[in-house]
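The values are calculated or read from the model by the stated rules, or taken from the named source; none is laboratory data. Given the structure is predicted, the values throughout are model-derived calculations rather than measurements. In this analysis, Cβ positions are derived from the backbone assuming ideal geometry, glycine residues included, and neighbour counts consider all displayed protein chains.
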Amino acid sequence: MAGNGISAAASGNGKAKVVIVMGATATGKSKLAVALALRFDGEVVNSDKIQVHDGLAVVTNKATAREQAGVPHHLIGGVHPDADYAAADFRRDATRAVESILSRGRLPIIAGGSNSYLEALLDGEPGFRRRYECCFLWVDADTSVLERYVGDRVDCMVEQGLVGEVREFFRTDAGYSRGIRRAIGVPEMDTYFRMEAAGALDGDDELRAGLLEAAVEQIKENTCRLVCSQLRKIHRLRCLPGWSIRRLDVTRVLSLKVGKAKDEEAERTLWESDVVGPAARVVETFLHS
Ligand code: ATP
């Protein structure tokens, strides 16, 4: 990783600098965070309230070791799947992670979709804003394109083993209001696994396929609802003082991904020109200000 020696720079007001990558689910926040970390000698702090738990890597879309590309990631896993992890826990742990990253002379990049956690970190405690100056980036896309991409991504999760992964967490006697079991993809599979546990799917492939299809549709719908709620929160935050958020448009990249003819080279080019390039310029200016 090539350091550029400016990552831990303090601004004129003596505050250390922190980059924050926001956006709805599936927009590429984690990928952008890694790209920026590689460019600016950074480390990533996860701000997705579900990904802090151990388990369900596919369903919660945790960045794989390959996707992390050697960039240290903080607060991905480490919390027991059933444990409660409140905004106050995030505020404490994220602050510690930011401090430790800065102590190594590197740039903290907070990335994730849980806007209530970000708000708790930045506005729930005056100390954070007093010590750190923040640069906000928002990866966004036209909603219709994003919703189509979300659908494709759920199909991909099924191919990558969603059913087996969620089966491990199925319990007839536990609800879906705590810990990682709140993750979209878990409650939606309840009927499927209840029927399976009762032996009702043995030898009935048609019923099994029908139940899976219904669950997958529900997962897609609920993910689209999550997208809308995350966007509402970002629009609200954007109107608050201290939340000067720079929007980056990933629509053209996602349009290629949902298109029939895959063109990975074009996708890479657009990802650089539309997202990473503009984001890097914003961060460069921020670090030198
Ligand atoms: P809220 O205050 O509504 O909880 P938030 O911004 O703190 O909002 P979100 O990240 O929007 O939290 O998460 C809301 C819900 O969306 C979670 O409780 C969970 O059901 C689902 N969710 C969030 N992130 C993921 C994920 N990575 N994988 C699966 N489901 C998720």
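When the stretch 261-289 is filtered for residues that are of a type outside the set (D, E, K, R) and more than 21 Å from Ala16 (Cβ to Cβ), the ones remaining, listed by number, are Ala261, Ala266, Thr269, Leu270, Trp271, Ser273, Val275, Val276, Gly277, Pro278. Is it the case that Ala2 is outside the structural domain of Trp271 (by TED's automatic domain parsing), in contact with a Gly (Cβ under 6 Å, 6 or more places away or on another chain), modelled with pLDDT under 95 and among the aliphatic types (A, V, I, L, M)? Criteria not met by Ala2.
Here is a yes/no grid of residues against (1) over 13 Å from Asn46 (Cα atoms); (2) in a helix (DSSP H, G or I); (3) within 11 Å of the ligand (Cβ to nearest atom); (4) touching a Cys at 6+ places or on another chain (Cβ under 6 Å):
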site: Arg66; (1), (2), (3), (4): yes, yes, no, no
site: Pro81; (1), (2), (3), (4): yes, no, no, no
site: Ala88; (1), (2), (3), (4): yes, yes, no, no
site: Pro108; (1), (2), (3), (4): no, no, no, no
site: Leu118; (1), (2), (3), (4): no, yes, yes, no
site: Leu121; (1), (2), (3), (4): no, yes, no, no
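Ala280 fails exactly one of the following numbered conditions: (1) within 16 Å of the ligand (Cβ to nearest atom); (2) in a helix (DSSP H, G or I); (3) closer than 30 Å to Glu133 by Cα. What is the number of that condition? Only one criterion is unmet by Ala280, namely (1).
Listed here are the residues, each with its yes/no results for (1) among the polar types (S, T, N, Q); (2) more than 10 Å from the ligand (Cβ to nearest atom).
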residue: Ala16; (1), (2): no, yes
residue: Ala24; (1), (2): no, no
residue: Gly28; (1), (2): no, yes
residue: Leu32; (1), (2): no, yes
residue: Ala35; (1), (2): no, yes
residue: Glu43; (1), (2): no, yes
residue: Ser47; (1), (2): yes, no
residue: Val59; (1), (2): no, no
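What number of residues in the stretch 68-79 are more than 18 Å from Gly179 (Cβ to Cβ) and either touching a His at 6+ places or on another chain (Cβ under 8 Å) or outside any strand (DSSP E or B) (or both)? Adding up the residues that qualify gives 5. Being modelled with pLDDT of 95 or more, of a type outside the set (S, T, N, Q) and more than 16 Å from the ligand (Cβ to nearest atom): is that true of Arg252 here? Yes: the conditions hold for Arg252. Could you say which residue among Glu284, Glu265 is in the same structural domain as Phe90 (by TED's automatic domain parsing), closer than 30 Å to Asp41 by Cβ and surrounded by fewer than 13 Cβ atoms within 10 Å (Cβ to Cβ)? Residue meeting the stated conditions: Glu265. Of the listed requirements (1) within 16 Å of the ligand (Cβ to nearest atom); (2) of a type in the set (Lys, Arg); (3) more than 20 Å from Thr143 (Cα to Cα), Lys262 misses just one: (1). Just one of the numbered conditions (1) closer than 21 Å to Val52 by Cα; (2) modelled with pLDDT of 95 or more is not true of Ala215: (1). Among the residues here, Val250 qualifies as surrounded by 18 or more Cβ atoms within 10 Å (Cβ to Cβ), assigned by TED's automatic domain parsing to the domain that holds Leu121, of a type outside the set (D, E, K, R) and touching a helix residue (DSSP H, G or I) at 6+ places or on another chain (Cβ under 6 Å).
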